[in-house]
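The values are calculated or read from the model by the stated rules, or taken from the named source; none is laboratory data. Computed from a predicted model, the values in this text were never measured in an experiment. As a convention, Cβ positions derive from the backbone with ideal geometry for all residues, glycine included, and neighbour counts pool all protein chains shown. Protein only, heavy atoms only, side chains kept; ligands, DNA and RNA dropped before computing areas. Shrake-Rupley method; radii C 1.70, N 1.55, O 1.52, S 1.80 Å.
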Amino acid sequence: DGPEIETAFHNFDALNIPEHHPARDMQDTFWVTGGLLLRSHTTTVQARTLGSNPKMPLRIASMGRVYRNEAVDATHLAMFHQLEGVWIDKGLNFADLKGVLAFIVRSLYGDHPIRFKPKFYPYTEPSVGVDLQCAVCAGEGCSACHGSGWVTILGAGMIHSKVFQTFNLNPHEYSGIALDLEQQE
């Protein structure tokens, strides 16, 4: 678990999100007094956990409310819930990531088609988005799927070496996978 009012270090700096990144703008982030902000993702728990010098291997899950200054539509709200998963160990690779993601999605949503697509997240490299085929609506009138027949349900990737270096972990010794599953209400 982690605080909903967060520091810029835990929300951005520790996660390889540079100062010029648009997520830091007032148009995207809810800033409060004293340089604090409403956390924009539960990845802050990953940063806090790594900062506590944990014993490896590490597996954590964190969930909670997150906040983004977004235009409200069928797939976006200013407050929503997110589930973060992190696994750090020796020898993890992208095949492990894809297997974990497929298992989680099928466990939650059943045996619907999924697809992986390249994405960019500063704290993972490589990064991937996972789309779920819309079972009910695949036509023009489907706002959740934007008429495409697919909806992105999570983002994931291999933890970036710069994140490991921030917390004095050797990226040549350890690798890790991270995923964020979002639930709009």
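Some observations on this one:
- Share of carbon and sulfur in the accessible heavy-atom surface of the chain [1.4 Å probe, %]: 55
- Over the residues of the chain, the helix contribution to mean residue ellipticity at 222 nm works out to -5500 deg cm²/dmol, using -39500 (n - 2.57) for each DSSP H run of at least 4.
- Equivalent ellipsoid of the range 78-130: semi-axes from √(5λ) of the C-alpha gyration tensor, largest first, are 19, 16, 13 Å.
- 20 °C / 1.002 mPa s Stokes-Einstein diffusion coefficient of the range 1-108, Kirkwood radius on C-alpha pairs, µm²/s: 140
- Among PRO122, PRO171, PRO22, the residue with the largest mean-square fluctuation in a Gaussian network model of the chain, with springs joining Cα atoms closer than 10 Å, is PRO22.
- Dipole of the chain [Lys/Arg +1, Asp/Glu -1 at C-beta], most positive-end residue of SER107, LEU97, MET63: LEU97
- Estimated FRET transfer efficiency (PHE9, LYS98; beta-carbon r; R0 41 Å; 0.05): 0.85
- Prolate/oblate/rounded call for the chain, Cα gyration tensor, a/c under 1.5 rounded: oblate
- Loop sites by DSSP among the trypsin sites (Lys or Arg not before Pro) of the chain, restricted to those with at most 14 other Cβ atoms within 10 angstrom, leave 91-185 as the longest stretch without any of them.
- With a Förster radius of 22 Å applied to the C-beta separation of GLU125 and ASP25, the computed FRET efficiency comes to 0.45.
- Using the 1.4 Å probe convention, the accessible area of the chain works out to 52 Å² per residue with neighbouring protein chains retained.
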